[in-house]
Structure formats: structure tokens, C-alpha cells
Amino acid sequence: MWRDMAHSFVAAGSVPSLTSIVPKTFAFAELETFTRNHLALAHTQAAKLDCLTTAIYYEARSEPIVGQRAVAQVVLNRVTSRHYPSTVCDVVYQGSTRTTGCQFSFTCDGSLAIKPRAKAWARSKASAVNALLGIDKPTIGRATHYHTVAIRPFWSSTLLRTADVGSHIFYRFPNRREKAAMAKSI
């Protein structure tokens with residue numbers, strides 16, 4: 001029965017020709033370029049995922065998912081800010097070669113020497129994937145900074161507090177009007 005229906009479909013001329021579906025055969029050079037470019041893109045995407053996963057793991061592995069998402073959002077907010085590098089990996093590792101000035105403490109305090117625990121790494125990676133795909137809705141606005149509730153860094157008084165998530169407090173740069181208001185209140 002199905003075979004008869006298929007034959008009648010073909011006989012009626014309803015099946016498009018292969019050349020109408022694939023109008024042009026790729027030359028080998030085009031295929032090689034296509035492959036090389038896509039491999040480079042895949043490598044870049046894998047590196048981006050690994051850097052963001054690493055940041056989430058070392059900065060927020062014990063936080064609830066919403067806390068991990070907030071840390072991921074800070075990294076992504078920095079990527080789009082003119083004040084920071086334009087790639088995830090460059091943001092995460094900014095300042096890590098100096099003795100002071102690490103943007104994320106895990107990059108210069110020896111934490112990277114500790115092998116990640118598989119379950120916590122997988123959870124961090126899931127948060128990173130969701131952040132990179134834009135699945136997570138930001139809960140911290142345009143925050144580009146955060147710290148744990150246990151400390152009060154010198155820079156916190158120059159920024160606007162945007163959210164408290166888990167054991168972290170999040171901040172963003174003030175606009176001109178907000179900066180003026182902050183100066184008046186001092």
C-alpha cells in the first residue's frame with residue numbers, strides 16, 4: 001500500500017529533483033573553507049563555555065541555581081560593556097597574570113589547582129549553557145560587579161547596588177545622574 005502511494009506520488013511529478021534541492025555542488029576548496037571556519041567557530045564556542053563554566057564553578061558552585069545564573073550574567077554583562085574585554089574568556093581571566101588586580105579571585109588565588117567535583121561541575125556547566133543560550137532571565141540587571149556578603153571591597157561605594165542573590169551582592173556602574181546624586185549624599 002505505501003509503496004503504491006509512493007509510486008503514484010513520484011509518477012505525478014510531485015518529487016522535486018535533487019538539483020532543485022541542492023542547486024550547486026560545492027567545490028573542494030569551498031568545502032575545506034567551510035569546514036575550517038566551522039571548526040574554528042566550534043573551538044571558540046567550546047572555549048567560551050569552558051571559561052564561563054569555570055567562573056561559575058569557582059565563584060558560585062555552592063550557590064543555588066539563581067546565584068550561579070547571576071554570576072554568569074555578570075560575566076556576560078562585562079563582555080558587552082566598554083569597560084571590559086569583549087570575550088568571555090578574556091573577561092574571566094582579566095588580570096590573572098598580575099599579582100593583584102584579578103577580576104575573579106579564583107584566577108589568581110590557587111583555586112584552579114583544585115580539580116573540580118564532577119556533580120558541581122555539571123551543574124555549573126548547565127548554568128553556563130543556559131546563560132550563553134539566553135535561556136536564563138537576568139535577575140541582576142546590568143550588574144558588572146559582585147562580592148560575597150562576608151566582605152566590603154573599596155569599590156562597592158562607587159557603584160549602585162542592584163541585587164542580593166544567595167551570598168553575593170551585585171552592583172552596576174551608575175549613570176551621570178546617579179553619580180551626581182551619589183556625590184551629593186556624601
Item to complete: Apply the Debye scattering formula to segment 62-186, with a single equal point scatterer on each alpha-carbon and no solvent, then give log10 I(q)/I(0) at q = 0.12, 0.13, 0.18, 0.20 Å⁻¹.
Response: -0.49, -0.57, -1.10, -1.35
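How big is the charge dipole of segment 32-184 about its Cα centre, in debye rounded to the nearest 20, if each Lys and Arg gets +1 on its Cβ and each Asp and Glu gets -1 on its Cβ?
On the way: 21 positive and 9 negative charges, 83 e Å.
Charge dipole of segment 32-184: 400 debye, to the nearest 20.
Under 8 Å for C-alpha pairs, at least 6 residues apart: give me the relative contact order for segment 32-184, rounded to a whole percent. All intermediate terms of the calculation are to be shown ahead of the outcome.
Details: 185 pairs, mean separation 36.8, N = 153.
Relative contact order, segment 32-184: 24 percent.
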Worksheet item: Of 124, 54, 87, which is farthest along the charge dipole of segment 53-161 in the positive direction, counting Lys and Arg as +1 and Asp and Glu as -1 at C-beta?
Response: 124
Worksheet, complete the sentence: Charge dipole of segment 32-184 built from unit charges on the beta carbon (Lys, Arg +1; Asp, Glu -1), centred at mean Cα; most positive-end Cα among 165, 43, 71 is 165
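So if each residue of separation counts as 0.36 nm, and I subtract the Cα-Cα distance between residue 81 and residue 155, what length gain in nm does that give?
Details: separation 74, 0.36 × 74 = 26.64 nm, distance 1.75 nm.
Full extension of this stretch gives 24.9 nm more.
Is the shape of segment 91-151 best called rounded, prolate or oblate, per the rule: a/c under 1.5 gives rounded, else a/b larger than b/c gives prolate, else oblate, with a ≥ b ≥ c the square roots of the Cα gyration tensor eigenvalues? Don't skip to the end; give the middle numbers.
Values: a/c = 1.92, a/b = 1.24, b/c = 1.54.
The shape class here is oblate.
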Discussion item. How big is the dipole moment of segment 102-186 about its Cα centre under a simple scheme where the beta carbon of each Lys and Arg is +1, that of each Asp and Glu is -1, and everything else is neutral? Debye, nearest 20, please.
Written reply: 140
Fill in: Among 117-123, 86-92, 175-181, the order from most to least packed when residues are scored by Cβ within 10 Å on average
86-92, 117-123, 175-181
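Read the figures in this text as sums done on the coordinates, not as results from a lab. No experiment lies behind these values; they were computed from the predicted model shown. All Cβ positions, glycine included, derive from the backbone under ideal geometry; neighbour counts span all protein chains shown.
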